[in-house]
Amino acid sequence: MLIAAVQSDEPGRLDTVMREVAETLLSQGLRLAGVVQTNCVNPDRHKCDMDVRVLPDGPMIRISQDLGTASHGCRLDPAALEAAVALVGPRLAAGADLLILNKFGKHEADGHGFRDLIAEALAADVPVLTGINGLNRPAFEAFTDGMAEVLPADPSALLAWVRTARLSKVA
């Protein structure tokens, strides 16, 4: 199983690193499927807006919903996330060197979101690189049966893992 998870306790670091790694891999000619996230700070709200870019070339999809300034709960727009999943599926099926996902989040932990596409990628021997947070790590570890490698939020470490994962497919 070729799957790695990236974890960082520094706010915003995971999204920045995943975007940077995706851009580097795209510039190297790898065929990527998946999404990377950008957070847009809005001074009128307690939390930022969350947008994902469907790899390799868009579109951008807002996956957060505005629940008002007093809201502190989950802002994920499940329908928007599923729209992103629907766009990634055909790109993965068309042939990808890597499935990269900004996060194995609560939606995936609950059995939705990108969970089935992760399984499809692994079944097709496509390496998967995703982010995780502490809350969803137990569900991720159960989903991967503890076989995922956990990596630091360091672009060099992630790029090295991708190179190794791709080489192991050839061997």
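Across region 85-129, which residue is most open to solvent (accessible area, probe 1.4 Å) among those that are within 17 Å of residue 141 (Cβ to Cβ) and basic (Lys, Arg)? Out of the qualifying residues, it is 106. Counting the residues of region 48-79 that are modelled with pLDDT under 85 and at positive phi gives 1. When residues in region 142-169 are screened for being open to solvent by less than 80 Å² (accessible area, probe 1.4 Å), within 16 Å of residue 127 (Cα to Cα) and assigned to a helix (DSSP H, G or I), 10 of them pass.
Taken together, the residues in region 130-141 that are of a type in the set (Gly, Ala, Ser) and either part of a helix (DSSP H, G or I) or open to solvent by 30 Å² or more (accessible area, probe 1.4 Å) (or both) amount to 2.
The values are calculated or read from the model by the stated rules, or taken from the named source; none is laboratory data. Keep in mind that what you see is a predicted model, and the values were worked out from it rather than measured. Note: ideal-geometry Cβ built from the backbone for every residue, glycine included; neighbour counts use all protein chains shown. Heavy atoms of the whole protein, side chains included, go into the accessibility calculation; ligands, DNA and RNA do not. Shrake-Rupley method; radii C 1.70, N 1.55, O 1.52, S 1.80 Å.
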